[in-house]
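The block underneath contains the structure these notes are about, expressed in structure tokens.
The values are calculated or read from the model by the stated rules, or taken from the named source; none is laboratory data. Just so we're clear, the structure is a prediction, and the values are computed from it rather than from any experiment. When we count neighbours, we look across all protein chains shown, and the Cβ atoms used for this are built from the backbone with ideal geometry, even at glycine.
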Amino acid sequence: MLDLSTKSAYATRAVYELARAWNKGVKKLTLKEIVEKQDVPSDYMEKLLFQMKKVGIVKTIRGKNGGYALTRSPSEIRISDVVLALENPIKRLNCLHHKDTAHTCGAFEECSIKYIWEEAYNAMVKTFSKYTFQDLVEMEEKSTKR
């Protein structure tokens, strides 16, 4: 299955929360604020935000009034930026590791379902690449105005 781990889900929620704040003119949030608004474990979220920092999606602001902030506008950060930075869902599909013989499925040569898995994976990445965090914020705004 092309499922995603909680790493992607929680990191996406954190970046989304920072995008919501950005759109309200708030340029940073504390870890506590992110955790409270998204109801995620603090220690785990801190590790994920560190990973998001390593790939340049968020930055840390030190000091008494410190916190986390986006490195660029939410309109410049795609959902795929977060998901693919944390995990590559294709790694779970041994049949798509045709270049890595240590992980290739034993039936790789005869099995044609690998083409379906690859198509599904590509469709998932295409969908994640289609949307930015700004799109998510705007979707929320439209749904709350109804």
Only one of these conditions is not met by Ile34: (1) closer than 20 Å to Phe133 by Cα; (2) in a helix (DSSP H, G or I); (3) at pLDDT below 95. Which number is it? (3)
When residues of the range 37-54 are filtered for being assigned to a loop (DSSP other than H, G, I, E, B) and surrounded by fewer than 14 Cβ atoms within 10 Å (Cβ to Cβ), how many remain? 2
Quick one: in the range 123-146, of everything that is assigned to a helix (DSSP H, G or I), among the polar types (S, T, N, Q) and modelled with pLDDT of 85 or more, which residue is surrounded by the most Cβ atoms within 10 Å (Cβ to Cβ)? Gln134
May I ask you to list the residues in the range 69-113 that are part of a loop (DSSP other than H, G, I, E, B) and modelled with pLDDT of 90 or more? Thr71, Arg72, Ser73, Ile77
Keeping to the range 55-90, report how many residues are touching a residue at least 12 places away in the same chain (Cβ under 8 Å) and either under 14 Å from the mean Cα position of the chain (by Cα) or at positive phi (or both). 20
Count of the range 9-26 residues which are over 13 Å from Val58 (Cα atoms), in contact (Cβ under 8 Å) with a residue 60 or more places away in the chain and either of a type in the set (Gly, Ala, Ser) or in contact with a strand residue (DSSP E or B) (Cβ under 6 Å, 6 or more places away or on another chain) (or both): 0
